[in-house]
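Chemist: Take a look at this one; I'll ask things after.
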Amino acid sequence: MRKPAIGTAALSGALALAGLAAPAASAATPNLVFSDVTVNKGKAIVVGTTRTVDVPVTYTLTRPAGLVLDNRKTFAAVMLYRGTLKSLANELDPDIMPTCTTTATTDTTVTESCTETIPVDPSNSLYEAADATTWKAAGLYAHVDSTVSDDFLSSETDVAIWGNLGTAKAQRAAKLTADASPEPVAKGRTITVKGKLTRADWDLTRYKGYPDQKAVLQFRPAGSSTYANVKGITSGTGGALSTTVKASKSGYYRYVFAGTTTTAATKATGDYIKVK
């Protein structure tokens, strides 16, 4: 079942983390500078169908010296988003507050080195194939002043988001198998190597066949640690792979997939064939 899409008028889910409501009257937004944003150490975020992937984020934050980020009424963090800030297609937010260490100060500013973690749960965070794309990083600031009693409630919220601070690619995880037969086989006879290429379908929350993709059959002789390319092959219906080779020596056959823009690279576990 397809998960519900996020609303285009939604504010960052990080607001919920701080217990903030949608903004009402706004106070003056402080001048925050987010820089050197690095997501997942610069690597693609590869997500399967069940396991939550914890994505590390590091950045430098420069803030006014008089601004206190207490992570209760006032906080700042980095989020990831797809689409535009005006019309969010999806977003990924930290579930705990960043950890920051002061690295420099002036009379008017404080500069901090910050780290945070954004959990990516495929069952809740990723909604469709379009999520396998390049996401953008944004700096988020929020402050709330509220008074709550049995007789009176008042809340004033200030929210600001600075977009296009960096990028991070999200990819579907892929799986690949290899099965060589018959076994054992006489030297010079034909070996058939079958396999299957699948990738994560976030909408269906399962792995699904990935057809019409290039894969390479490789062979590693027994006693060696190095695989060599044998031939290329294209996956068929349901991601099926099948090709034949002549048996020359005992060793391991496997398929290798180099990946695409939306899908991560993967390789099968080598399947051993004894040649007599």
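The values are calculated or read from the model by the stated rules, or taken from the named source; none is laboratory data. None of these values were measured; they are calculated from a predicted model. Please note: Cβ atoms are built from the backbone with ideal geometry, for glycine as well, and neighbour counts cover all protein chains shown.
Chemist: Hey, which of the strands (runs of 3 or more DSSP E) in the stretch 135-247, taking only ones fully inside, have at least 3 residues that are in the same structural domain as VAL120 (by TED's automatic domain parsing) and aliphatic (A, V, I, L, M)?
Modeler: Details: elements: 153-162, 167-172, 174-176, 179-181, 190-201, 206-209, 214-221, 228-234, 240-246.
Result: 153-162.
Chemist: With the requirement that a residue be of a type outside the set (Gly, Ala, Ser) and either surrounded by 13 or more Cβ atoms within 10 Å (Cβ to Cβ) or not assigned by TED's automatic domain parsing to the domain that holds THR62 (or both), what does the stretch 76-86 give you?
Modeler: Passing the criteria: VAL78, MET79, LEU80, TYR81, ARG82, LEU85.
Chemist: From ALA89, ALA104, which residue is in a strand (DSSP E or B), among the hydrophobic types (A, V, I, L, M, F, W, C) and loosely packed, with under 12 Cβ neighbours inside 10 Å? Talk me through it step by step, then tell me what you get.
Modeler: Values: ALA89 fails: loosely packed, with under 12 Cβ neighbours inside 10 Å.
Matching residue, one of ALA89, ALA104: ALA104.
Chemist: Please find, within the stretch 243-276, the residue that is nearest to GLN171 (Cα to Cα) out of those that are under 24 Å from the mean Cα position of the chain (by Cα) and not polar (S, T, N, Q).
Modeler: Residue satisfying both the conditions and the ranking: ALA264.
Chemist: Hey, can you tell me all the residues within the stretch 244-276 that are charged (D, E, K, R), within 12 Å of THR192 (Cα to Cα) and surrounded by fewer than 17 Cβ atoms within 10 Å (Cβ to Cβ)?
Modeler: The one that is charged (D, E, K, R), within 12 Å of THR192 (Cα to Cα) and surrounded by fewer than 17 Cβ atoms within 10 Å (Cβ to Cβ): LYS246.
Chemist: Let me ask something else. Out of all the residues in the stretch 214-234, is one or more touching a strand residue (DSSP E or B) at 6+ places or on another chain (Cβ under 6 Å), closer than 30 Å to ASN90 by Cβ and among the β-branched types (Val, Ile, Thr)?
Modeler: no
Chemist: So, in the stretch 25-43, of the ones that are of a type in the set (A, V, I, L, M) and crowded, with 16+ Cβ neighbours inside 10 Å, which residue ends up nearest to the chain's Cα centre (by Cα)?
Modeler: The extreme case among them is VAL39.
Chemist: Of the residues LEU204, LEU165, LEU217, which single one is among the hydrophobic types (A, V, I, L, M, F, W, C), buried (at least 16 other Cβ atoms within 10 Å of the Cβ) and closer than 27 Å to THR52 by Cα? Walk me through it before giving the result.
Modeler: Working: LEU204 fails: buried (at least 16 other Cβ atoms within 10 Å of the Cβ); LEU217 fails: closer than 27 Å to THR52 by Cα.
None of the others qualify; the one that does is LEU165.
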